[in-house]
1. Looking only at region 424-436, how many residues end up being part of a loop (DSSP other than H, G, I, E, B) and open to solvent by 20 Å² or more (accessible area, probe 1.4 Å)?
2. State whether the residues of region 208-231 include one that is among the aliphatic types (A, V, I, L, M), at pLDDT 95 or above, more than 18 Å from the chain's Cα centre (by Cα) and open to solvent by less than 20 Å² (accessible area, probe 1.4 Å).
3. Tell me whether region 377-390 contains one or more residues that are part of a strand (DSSP E or B) and open to solvent by less than 40 Å² (accessible area, probe 1.4 Å).
4. Select from region 280-314 the residues that are touching a residue at least 60 places away in the same chain (Cβ under 8 Å), outside any loop (DSSP other than H, G, I, E, B) and either among the basic types (K, R) or over 24 Å from S34 (Cα atoms) (or both) and list them in ascending order.
5. Condition first: under 28 Å from the mean Cα position of the chain (by Cα) and acidic (D, E). Now tell me which residues in region 363-407 satisfy that.
6. Contact list please: Cβ distance under 8 Å, first residue in region 141-165 and more than 16 Å from P414 (Cβ to Cβ), second residue aliphatic (A, V, I, L, M) and open to solvent by 50 Å² or more (accessible area, probe 1.4 Å), pairs at least six apart or on different chains.
7. Here's a check for you: in region 137-155, which residue that is among the small types (G, A, S) and part of a helix (DSSP H, G or I) is surrounded by the fewest Cβ atoms within 10 Å (Cβ to Cβ)?
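The values are calculated or read from the model by the stated rules, or taken from the named source; none is laboratory data. Note that the coordinates shown come from a computational prediction; the quantities given were computed from them, not determined experimentally. A quick note on method: Cβ atoms are made from the backbone with ideal geometry, for glycine too, and the neighbour counts reach across all protein chains shown. Areas reflect the complete protein model, heavy atoms only, side chains present, ligands, DNA and RNA absent. Shrake-Rupley method; radii C 1.70, N 1.55, O 1.52, S 1.80 Å.
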Amino acid sequence: MRPGHVLVVGGGLAGITAALALADRGRPVTLVESRPRLGGLAFSFTRDREPGPLTVDNGQHVYLRCCTAYRGFLRRVGAEHLAPLQPRLDVPVLDVRTGRLGRLRRSGLPAPLHLAGALARYPHLSVADRASVVRAAVALRRLDPEDPEADRLSFGSWLRKHGAGAAAVAALWDLVGVATLNARADEVSLALAAMVFRTGLLSEAGAADIGLPEVPLGEIHHHRAGRALERAGVRVLTRTRVRGVRRSPDGGWWADLRPAGGPAATGAPDGPGDGIGADAVVLALPQDATRALLPAGALADPDRLAELGTAPILDVHVIYDRPVLREPFLAMLNSPVQWVFDRTVASGLADLPDAGASQYLVLSQSAAGEEIDLPVAELRERYLEALARALPAARTARVRDLFVTRERTATFDPAPGTRRLRPGPVTALPGLFLAGAWTATGWPATMEGAVRSGLAAAKAVGAAGAGTRPASPRPATAGAGGEPSGPAGIPSPLAS
């Protein structure tokens with residue numbers, strides 16, 4: 001075992017970030033991932049159907065300008081140019097019932113005046129609704145998200161107390177909140193909702209400008225991240241499962257490793273008795289997998305992790321034989337469709353010889369508990385009909401392919417009272433640390449939250465100081481492993 005060696009278990013964004021940050025601090029690091037790829041729940045796969053092979057993301061992800069930690073991650077892996085930000089926030093919103101298209105578009109004025117013009121022109125709110133939005137926004141700016149009482153209340157009950165009616169909730173608060181929190185207002189902690197809206201809409205004028213990957217997520221979170229790990233000297237073992245972690249006689253840690261199926265990666269364990277020692281271990285896994293690996297005494301009440309529920313996200317992928325959507329993305333009201341994105345170029349469809357004028361759309365459906373297990377045939381009927389109502393060109397277009405991706409445990413459940421269930425990065429056992437978007441980052445579970453958790457775990461390892469050695473003279477890339485600066489990022493299933 002190399003002095004100061006750290007084992008990171010889990011190759012999602014939290015684990016990758018922790019490994020890079022530790023390597024940049026001069027620590028020898030091994031990262032172990034059970035799957036053959038990096039990226040966790042933000043990954044890509046290949047689908048070879050009509051009209052040809054596509055690189056498909058398991059779900060639609062975006063980030064916002066205020067997601068400083070994730071933006072630092074993009075810089076660290078050399079991928080910032082692959083996911084550009086809007087010059088200014090501009091979200092088209094279609095009310096399918098009336099056919100009216102409105103836009104949530106910011107001006108160049110300072111916050112909160114940057115949205116005043118958009119709110120005044122937004123056709124999906126009445127005059128009374130606009131007034132209620134202003135009152136709630138003023139109250140949100142005064143609210144302290146760190147107040148324990150705010151975590152015990154639901155956002156929906158708080159909105160009603162401040163005069164918000166059902167129309168205002170649907171046309172604005174849930175339009176944003178469902179996508180960023182993966183739950184509706186009545187099912188969300190007020191503290192989490194307040195963080196999202198204060199940071200994204202009320203802090204700085206450009207905070208909510210949207211960044212959209214122009215390439216498959218796998219290019220960023222697997223290929224680019226993998227090369228960054230290699231350059232940093234991190235040993236990466238894929239297709240390798242950690243079956244258990246325990247204290248070793250020398251006071252460090254020992255992890256039992258097993259091949260996870262398929263051909264083992266270079267350096268992976270060969271037999272049932274293999275393992276790896278480390279001075280410190282970072283468990284960067286989902287909460288259920290973390291709970292299964294936690295040694296006795298690591299947390300005062302590990303059963304709390306089981307109380308931290310999960311929430312699903314459903315994505316419906318449709319390829320039409322012609323363009324039916326003119327915008328890069330569109331939000332909808334009074335429709336089963338929440339958000340729809342054009343992924344024609346990013347998936348590689350535009351480059352296929354047989355693509356013609358085909359267009360590839362992804363419908364991103366958060367808080368999808370009622371739909372997550374529905375058969376594809378039922379989802380196909382529901383969403384093709386909804387798209388035909390919303391997009392006139394879809395009524396005569398031929399569907400070349402339709403498929404569904406489901407993440408049943410996409411995020412933790414942001415329900416009221418969840419703060420007490422989310423542990424920080426430090427456990428009661430010296431040398432054992434936690435990372436993951438479900439930990440106590442203060443944010444909902446998203447890409448931004450995952451990266452922040454990895455940075456927090458790496459900082460905690462450094463603060464503990466076990467087995468440290470002098471830092472490498474190699475200069476760290478901007479945003480490589482330092483603490484994020486600037487306004488907090490909005491985590492979300494879309495801005496995740």
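1. Final tally of qualifying residues: 5.
2. Scanning region 208-231 turns up at least one residue that is among the aliphatic types (A, V, I, L, M), at pLDDT 95 or above, more than 18 Å from the chain's Cα centre (by Cα) and open to solvent by less than 20 Å² (accessible area, probe 1.4 Å).
3. No, there is no match, as no residue in region 377-390 is part of a strand (DSSP E or B) and open to solvent by less than 40 Å² (accessible area, probe 1.4 Å).
4. If the condition is that a residue be touching a residue at least 60 places away in the same chain (Cβ under 8 Å), outside any loop (DSSP other than H, G, I, E, B) and either among the basic types (K, R) or over 24 Å from S34 (Cα atoms) (or both), then R304, E307 are the ones that fit.
5. Passing the criteria: E370, E371, D373, E378, D401, E407.
6. These pairs meet every condition: G165/A128.
7. This residue is A139.
Rundown of residues vs (1) under 25 Å from A69 (Cα atoms); (2) in a helix (DSSP H, G or I), yes/no style:
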| residue | (1), (2) |
| --- | --- |
| S157 | no, yes |
| V176 | yes, yes |
| E214 | yes, no |
| I220 | yes, yes |
